[in-house]
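Asker: Structure provided below as structure tokens; questions to follow.
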Amino acid sequence: MRRVTRQATEWLAAAATDPRACKRQWRGDTGTAVLACGRFWDVLSVPEELGVLALDALLCLPQAPGPVLADAASRRVGFFLPPDPAGRWIGADIRYLGRGAWIAVPAPQRAAGRLRWLIPPDGSGTLFVPAAVELALQQALGTLAVQARADRRCPTCGASTAGPRPHGAGRPG
């Protein structure tokens, strides 16, 4: 376990402009370092509810998962993907962080304030396959849409759609 943690720390710190300073920041007051996206990985950030459902689907696949970071304050989940300079992800509240973007991360195997690893880096450089993440997100959206209909609320904004039911709708009386 110690060797894996060391490899993960080295792999993650390599994304910093100064890996030694990065490791000092992890040991500092905040326990986080700000790392550049676009060199070793990009990050796809999605709303927490969507991200957790997608992660559940991804963990059912036989391939090893990539790192996943959760931000409790912003209620978001970030999937680490291979760098893709032309990466285009479209969707409500979807954020793609590639070259030129930065992300705050705790050290592997640690939580720091609002940030925690749902799946920490393993040091091997394993990342999620973008097509698998896309399919998992589509599946998660479908699940959320079914839940929203059952709750009688709009799947996009969450507003209640509860009103009088048309004649013949729902269970027989």
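Asker: On C-alpha positions alone, give me the angle between the axis of helix 2-13 and the longest principal axis of the chain, in degrees, nearest 10.
Answerer: 90
Asker: If you roll a 1.4 Å probe over the heavy atoms of the protein chains, what accessible area per residue do you get for the stretch 1-141, in Å²? Spell out each step's value before the answer.
Answerer: Numbers: 7640 Å² over 141 residues.
Here the per-residue accessible area is 54 Å².
Asker: Now, a different point. Where does helix 130-151 land angle-wise versus the long Cα axis of the chain, in degrees 0 to 90, nearest 10?
Answerer: That helix lies at roughly 40 degrees to the long axis.
Asker: If I model a spin label as a point 7 Å beyond the Cα along the Cα-Cβ vector, how far apart are those points for Q138 and D29 in nm?
Answerer: 4.8
Asker: In the chain, what percent of the accessible surface is made up of carbon and sulfur (1.4 Å probe, ligands and nucleic acids excluded)? Walk me through the intermediate numbers first.
Answerer: Working: 5560 of 10320 Å².
C and S atoms contribute 54 percent here.
Asker: A follow-up question, please. Please turn the phi angles of the stretch 35-51 into ³J(HN,Hα) values with the Karplus equation 6.51 cos²θ - 1.76 cosθ + 1.60 (θ = phi - 60°), one per residue in order, whole Hz, x for glycine and proline.
Answerer: For the stretch 35-51, the Karplus-derived couplings read 10, 7, 8, x, 9, 9, 7, 10, 10, 9, 9, 10, x, 3, 4, 5, x Hz, x marking Gly and Pro.
Asker: Using alpha-carbon positions, what is the distance between the centroids of the stretch 10-44 and the stretch 54-114, in Å?
Answerer: The stretch 10-44 and the stretch 54-114 have Cα centres separated by 15 Å.
Asker: For Rg and Dmax of the Cα atoms in Å, which listed value, (i) 19.1, 70; (ii) 18.2, 67; (iii) 15.4, 47, comes from the coordinates shown?
Answerer: (i)
Asker: Go through the stretch 102-119 residue by residue and turn each phi into a ³J(HN,Hα) via Karplus (6.51, -1.76, 1.60, θ = phi - 60°); whole Hz please, and just put x for glycine and proline.
Answerer: With coefficients 6.51, -1.76 and 1.60, one gets 10, 9, 7, 9, x, 5, x, 6, 9, 10, 9, x, 7, 9, 8, 7, 6, 9 Hz.
Asker: Rounded to the nearest 500, what is the 222 nm mean residue ellipticity of the chain from helices alone, with -39500 (n - 2.57) per DSSP H run of 4+ residues and division by all residues? It would help to have the intermediate numbers written out before the result.
Answerer: Numbers: 4 runs with 54 residues, N = 173.
Per the formula, -10000 deg cm²/dmol.
The values are calculated or read from the model by the stated rules, or taken from the named source; none is laboratory data. In this text the structure is predicted, and so the values were computed from the model without any measurement. Every residue, glycine as well, gets a Cβ built from its backbone with ideal geometry; the counts of neighbours run over all protein chains shown. Just the protein is used for accessible areas: all its heavy atoms, side chains included, with ligands, DNA and RNA removed. Shrake-Rupley method; radii C 1.70, N 1.55, O 1.52, S 1.80 Å.
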